[in-house]
Amino acid sequence: MATLRAIRKRISSVKGTEQITKAMKMVSAAKLRRAQAAIENARPYAKKIHDVVSDLAQGVEPSIHPLLRTREPKRIGVLVITSDRGLCGGFNTNLNKKAENFIKENKERYEEIILYTVGKKVYRFLSKQGYNVDPSFTEILGSLSYQDAKNITKVVIEGYIGNSLDAFFMIYHEFKSALVQRIVVEDLLPIRPEEKTIAEGESDYIFEPGKRELLSELLPKYIETEIWRALLESSASEHGARMTAMENATKNANEMIDNLTLKMNRARQESITKELLDIVGGAEALKD
Amino acid sequence: MDGKLDLEIVTPSGPLISESVDEVVVPGALGEMGILPGHLPIASSLKPGEIVYKSRKNKKSLAVSWGFVEVSREGKVNLLADTAETADAIDVERAKRAKEKAEKELAKISDTSTQEYKKNELKLQRALVRIQVARKSGKSDT
């Protein structure tokens, strides 16, 4: 049986932890609100630009723009998005696992897999596993801005056009709700127009200024938007995951405090009973 | 064709407008372009300028910077804009300051083919459009 003093100490330490997790939960909730608004506002635009691109790309010869050309994929790029910080449940672990599985499954298929990571967690994990990771975008999460998406896009597009990348994937958490985040593997390049049959007599698009000019403005924008959306999805998911994890931790801490309090009371009562018995015993002894 | 256009304007910071209108005028890359119901499918990029959309009762305008418009086969008008502001949302003072600043920068650069020049030229255009849209809507011009 632990001594009364030890239990009291334990309780106060758990209380300290509880306060921290509670505060973190609150901070995450505030951040989540902002991140959620950001992603919810960004989604319609991303959806629209996706629709427009797949509408337009249908009737177009792939040779008209380098981003529409497909070739036998040999070198692929993968953008893996996690967070910088831990304490968000299985958020990073799950994604790390998924990323590693993806690499293992596709190692045979492609000559080379080039990894780009966002977030320190996955960077550390993958480089520890001995994979070659390009760290250029690892530390952008501290002050995430649209410019970051632009920078990533630039590397991706230059790689694709310069034949050093033949396909590009993203692995990230899609935000469903504060409780649910789903890991998605999305192929971004090459752009595959949705197969939609064009009915007879329907006219083709008029392009202004010209197909080539238009697509060369629109396609990079599309990729930029998709990458930006993925970054926002992941960031909202991170805060959601952390909030949930911290809420659970707070709950557990509370449970622990309850248990310990019970134990403490029992120990206290026991010691009082013992003392009483001693006194009574002493008094009895004196009587004789 | 029911004689209406479904206009949807979205920007990266959220959907802005989704309504049924009679006519849309957009600043296309090759010049101002009016879209009426029954328009052929068209895709065009936009330059900084003014979007005007009319429905029976009223006429509204927006200032856009870079954007893109698509009239789909189904006759929907999808408009993607980097930024789009209604006249009320425009900060005229800020636009004026931006205009002056861009003008000053432009005066300094002699070589008109540099990136720097083009950047400032775009800035100036955007500022001018904002001022124009705000003025049209009758916002006091102080």
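Things to note:
- Test result for residue A:99, small (Gly, Ala, Ser), assigned to a helix (DSSP H, G or I) and touching a Phe, Trp or Tyr at 6+ places or on another chain (Cβ under 9 Å): yes
Residue-wise test of (1) under 20 Å from residue A:96 (Cα atoms); (2) open to solvent by less than 20 Å² (accessible area, probe 1.4 Å); (3) assigned to a strand (DSSP E or B).
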site: A:147; (1), (2), (3): no, no, no
site: A:156; (1), (2), (3): no, yes, no
site: A:163; (1), (2), (3): no, no, no
site: A:179; (1), (2), (3): yes, no, no
site: A:183; (1), (2), (3): yes, no, yes
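- Restricting attention to the stretch B:1-30, the residues that are farther than 21 Å from residue A:41 by Cα, facing chain A (nearest Cβ under 9 Å) and open to solvent by 20 Å² or more (accessible area, probe 1.4 Å) add up to 2.
- Residue in the stretch B:78-96 that is under 24 Å from residue A:47 (Cβ atoms) and assigned to a loop (DSSP other than H, G, I, E, B) present: yes
- Counted residues, the stretch A:122-145 - those being more than 19 Å from residue A:106 (Cβ to Cβ), part of a helix (DSSP H, G or I) and free of Cβ contacts under 8 Å to residues at least 60 places away in the same chain: 5
- Positions within the stretch A:32-61 being over 16 Å from residue B:14 (Cα atoms), open to solvent by 10 Å² or more (accessible area, probe 1.4 Å) and within 9 Å of chain B (Cβ to nearest Cβ), in sequence order: A:51, A:55
- Hey, residue B:75 surrounded by 13 or more Cβ atoms within 10 Å (Cβ to Cβ) and within 17 Å of the chain's Cα centre (by Cα) or not: no
- Condition broken by residue A:116, with the remaining ones in (1) touching a residue at least 60 places away in the same chain (Cβ under 8 Å); (2) within 21 Å of the chain's Cα centre (by Cα); (3) not in a loop (DSSP other than H, G, I, E, B) satisfied: (1)
- Residue B:54 meets the conditions (1) farther than 20 Å from residue A:45 by Cα; (2) crowded, with 17+ Cβ neighbours inside 10 Å in every case but one. The failed one is (2).
- The sole residue among A:194, A:202 that is modelled with pLDDT under 80, surrounded by fewer than 18 Cβ atoms within 10 Å (Cβ to Cβ) and either under 31 Å from the mean Cα position of the chain (by Cα) or β-branched (Val, Ile, Thr) (or both) is A:194.
The values are calculated or read from the model by the stated rules, or taken from the named source; none is laboratory data. Remember, it's a predicted structure, so these values are computed and weren't measured experimentally. Cβ sites come from the backbone with ideal geometry, for glycine too, and all protein chains shown count toward neighbours. Heavy atoms of the whole protein, side chains included, go into the accessibility calculation; ligands, DNA and RNA do not. Shrake-Rupley method; radii C 1.70, N 1.55, O 1.52, S 1.80 Å.
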